[in-house]
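Colleague: Here you go, one structure.
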Amino acid sequence: MKSPAALVRTAIAALDSVPYSVIALIARAATFSVFIRSGTQKLSDWSSTLLLFQNEYHTPVLPPVIAAYTATAMELGCSSLILVGLATRVSTLLLLGMTATIQLFIYPDAWPTHIQWLAFMILIVLRGPGAWSLDALIGPRLLGRESTANA
């Protein structure tokens, strides 16, 4: 029978053997789920969305109607790109920028939620989408170099 320390070492070794691509896929799916829901909710009642942007979501620069279209397009478009792993880092940075705008100017007390989003999104920005992504598949061809995707 194994000692408790040996069991812990075995468990840690098993956890360490999980490929980064699995972790990245989970982070990409989490990002997708947060933002696709928000985007589809906006589309489901567009008149209410416009009213929210006019009366509650006061963005610092954009007029309300443009902000509504921009936010919805980013939530739907960027989240979908992130899920399939295409232009992943750029798309994630755009959503992080939108989240920062929401945090700073619209809902400053929402940091407990936003910091959770940051946790899985920063992983994608810093480490990339992983080997199970379109970026890993076509990126090296576009950039003329070998793949650097993490396994």
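The values are calculated or read from the model by the stated rules, or taken from the named source; none is laboratory data. Predicted model, so just to flag it, every value in this text is computed and none were measured. Cβ placement follows ideal geometry from the backbone for every residue including glycine, while neighbour counts extend to all protein chains displayed.
Colleague: Answer with yes or no whether A87 is buried (at least 17 other Cβ atoms within 10 Å of the Cβ) and at positive phi. Steps first, answer last, please.
Modeller: Working: buried (at least 17 other Cβ atoms within 10 Å of the Cβ): yes; at positive phi: yes.
Considered against the rule, which asks whether it is buried (at least 17 other Cβ atoms within 10 Å of the Cβ) and at positive phi, A87 comes out as yes.
Colleague: Going through segment 18-65 one residue at a time, which ones are of a type in the set (V, I, T), closer than 16 Å to T99 by Cα and not in a helix (DSSP H, G or I)?
Modeller: Quick first cut of segment 18-65, residues of a type in the set (V, I, T) only: 18, 22-23, 26, 31, 34, 36, 40, 49, 59, 61, 65.
Now narrow it down to the ones that are closer than 16 Å to T99 by Cα: 31, 34, 36, 59, 61.
Selection gives T59, V61.
Colleague: Does L95 fit the bill of being touching a Cys at 6+ places or on another chain (Cβ under 8 Å) and of a type outside the set (D, E)?
Modeller: On the way: touching a Cys at 6+ places or on another chain (Cβ under 8 Å): yes; of a type outside the set (D, E): yes.
The answer is yes for L95.
Colleague: Counting just the residues of segment 82-122 that are of a type outside the set (A, V, I, L, M) and assigned to a loop (DSSP other than H, G, I, E, B), which one comes out nearest to the chain's Cα centre (by Cα)? So that I can check it myself, show each step before the final result.
Modeller: Within segment 82-122, the first condition is being of a type outside the set (A, V, I, L, M), and the residues that meet it are 85, 88-89, 91-92, 97, 99, 101, 103, 105, 107-109, 111-114, 116-117, 120.
The next check asks that each one be assigned to a loop (DSSP other than H, G, I, E, B); those that pass are 85, 107.
Values: G85: 10, Y107: 19 Å.
Among those that are of a type outside the set (A, V, I, L, M) and assigned to a loop (DSSP other than H, G, I, E, B), it is G85.
Colleague: Looking at segment 53-72 only, could you name the residues that are aliphatic (A, V, I, L, M), surrounded by fewer than 14 Cβ atoms within 10 Å (Cβ to Cβ) and in contact (Cβ under 8 Å) with a residue 12 or more places away in the chain? Talk me through it step by step, then tell me what you get.
Modeller: Residues of segment 53-72 aliphatic (A, V, I, L, M): 61-62, 65-68, 71.
Filter again for surrounded by fewer than 14 Cβ atoms within 10 Å (Cβ to Cβ), leaving 61, 65-66.
Passing the criteria: only V65.
Colleague: Which of the residues belonging to segment 82-101 are touching a Phe, Trp or Tyr at 6+ places or on another chain (Cβ under 9 Å) and free of Cβ contacts under 8 Å to residues at least 40 places away in the same chain?
Modeller: L96, M98, T99 - these are the residues of segment 82-101 that are touching a Phe, Trp or Tyr at 6+ places or on another chain (Cβ under 9 Å) and free of Cβ contacts under 8 Å to residues at least 40 places away in the same chain.
Colleague: Name the single residue, out of those in segment 134-151 being at pLDDT 95 or above and in contact with a helix residue (DSSP H, G or I) (Cβ under 6 Å, 6 or more places away or on another chain), that is nearest to L96 (Cα to Cα).
Modeller: Filtering segment 134-151 for residues that are at pLDDT 95 or above and in contact with a helix residue (DSSP H, G or I) (Cβ under 6 Å, 6 or more places away or on another chain), the one nearest to L96 (Cα to Cα) comes out as D135.
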